[in-house]
1. What is the magnitude of the charge dipole of the range 77-145 about its Cα centre, with +1 placed on the Cβ of each Lys and Arg, -1 on the Cβ of each Asp and Glu, and no other charges, expressed in debye to the nearest 20?
2. Among bridges DSSP assigns within the range 144-258, what percent are antiparallel (round to 5)?
3. Please give the peptides 319-330, 169-180, 152-163 ranked by average Cβ packing (other Cβ atoms within 10 Å per residue), highest first, as a rough proxy for protection.
4. Restricting to the chain, compute how many DSSP beta bridges are antiparallel as a %, nearest 5.
5. Given 10 °C and 1.306 mPa s, how large is the Stokes-Einstein diffusion coefficient of the range 171-259 in µm²/s, with Rh as the Kirkwood radius over Cα pairs?
6. What are the aspartates and glutamates whose alpha-carbon lies under 19 Å from the alpha-carbon of K54, with same-chain residues fewer than 8 places away excluded?
7. Quick one: check the C-alpha center-to-center distance for the range 278-316 versus the range 102-121, whole angstrom.
8. For the range 9-354, what is the relative contact order in percent, using Cα pairs closer than 8 Å and at least 6 residues apart in sequence?
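Quick note: the coordinates plus some simple rules give every number you see, no bench work behind them. As the structure is a prediction and not an experimental result, all values here were calculated from the model. Cβ coordinates were reconstructed from backbone atoms using ideal geometry, including for glycine residues, and neighbour counts include every protein chain displayed.
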Amino acid sequence: MSAATPQSANSLPRDRRGRPLRDLRVSVTDRCNFRCNYCMPRDAFGRGHRFLPKRELLRFEEIETLARAFTGLGVHKIRLTGGEPLLRNDLEDLVARLAQLDELDDLALTTNASLLTRARADSLRRAGIRRVNISLDALDERVYRQINQIDSPLGDVLSGIEHALGAGFDAVKINMVVQKGVNDGEILPMARRFRGSGAILRFIEFMDVGNHNRWSLGRVCTAREILETIAAAHPLEALEANHRGEVAKRWRYADGGGEIGVIASVSEPFCGGCARARLSAIGELYTCLFAVSGFDLRKWLRAGLGAEELRARIGALWRGRRDQYSVERLSQPRTAHSGADAAQNSQKVEMSYIGG
Ligand code: SAM
Ligand code: SF4
Ligand code: SF4
């Protein structure tokens, strides 16, 4: 395969709002062993649900070719996600391929950790994963199972977190999606559990992704509410962002107990700095988490386009991007995006399809 020549910084594409392309999420499967109520609720993703046929998925060498094109356009960071990426037994092969890309300075994974054995954590680390995000929404067994909807025991993910911490990744973060009336009572227990643990806990506002999670503004526990809950027990101090475009706002415990992050995608959208593209498991490019459709890159790959041509076409797609869904959501009347508003929401891509 001929490698694309990286472009000089000032010829890298910027979208119509002046945003560069820096970050790529790659969904390696649309399947998941969980049915989290905010992502793949059982009633919409039940036995009859048709997942992508395996033959449709991009082969690892195809993902590598696309990743090379993306790094030539400014991407420095790739995150592997899904669905549940650890359902791909040979994921380490893909990791090893991507880890060789020169322009990449971060290769990360998001997982529910239910399958993250010690051996798997070690092999992923050895293959080149630098950072791991683990989803955990509650420490109360009943609440945890109520959310994952498959009765997956809490012990499995807690072991997965221990394995990740033991494997020597550069960072391990815990992602908690907070749903009012479901797991907001878990904010303080989670904060206490992960203070000083070596893992950074990040609270994520519940988003109206996809079409089935019965989202409404009333079910969003805002960043402000989350921070007030924690600060009442453990005073917090704001921290500077690690880098421009960082989505999580960082805080630290005033008593030295470490840091937390809050991702306020609903109450304080960050579209203005959004430099993120998403690649579905069958090779469609999505330029926004809330997009209605993607661009089929697989057909170009399979038509045999070379690296330079792929890069030129993907760059042109990025230059045409205007997305800022979350900013627009904020300017709508408060009821405009309720889960009941089927006409408006019925076409959005599912998060498990393009990766969170
Ligand atoms: N299965 C893996 C996992 O759960 O970590 C990776 C894929 S999952 C779609 C990626 C992330 O998206 C998870 O951290 C999950 O909590 C988050 N997510 C899914 N649906 C969400 C929603 N409605 N609002 C906010 N975050 C959501
Ligand atoms: Fe699966 Fe992750 Fe979605 Fe939960 S959040 S259903 S673990 S893809
Ligand atoms: Fe980026 Fe779309 Fe999310 Fe805005 S709504 S931050 S453009 S993914």
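1. 140 debye
2. The answer is about 40 percent antiparallel.
3. Highest mean packing first, the order is 169-180, 152-163, 319-330.
4. Rounded to the nearest five, the antiparallel share is 30 percent.
5. 114 µm²/s
6. Cα-Cα hits under 19 Å: D30, E62, E64, E84, D90, E92, D93, E284, D296, E350.
7. A separation of 24 Å, based on Cα centres.
8. Rounded, it is 23 percent for the range 9-354.
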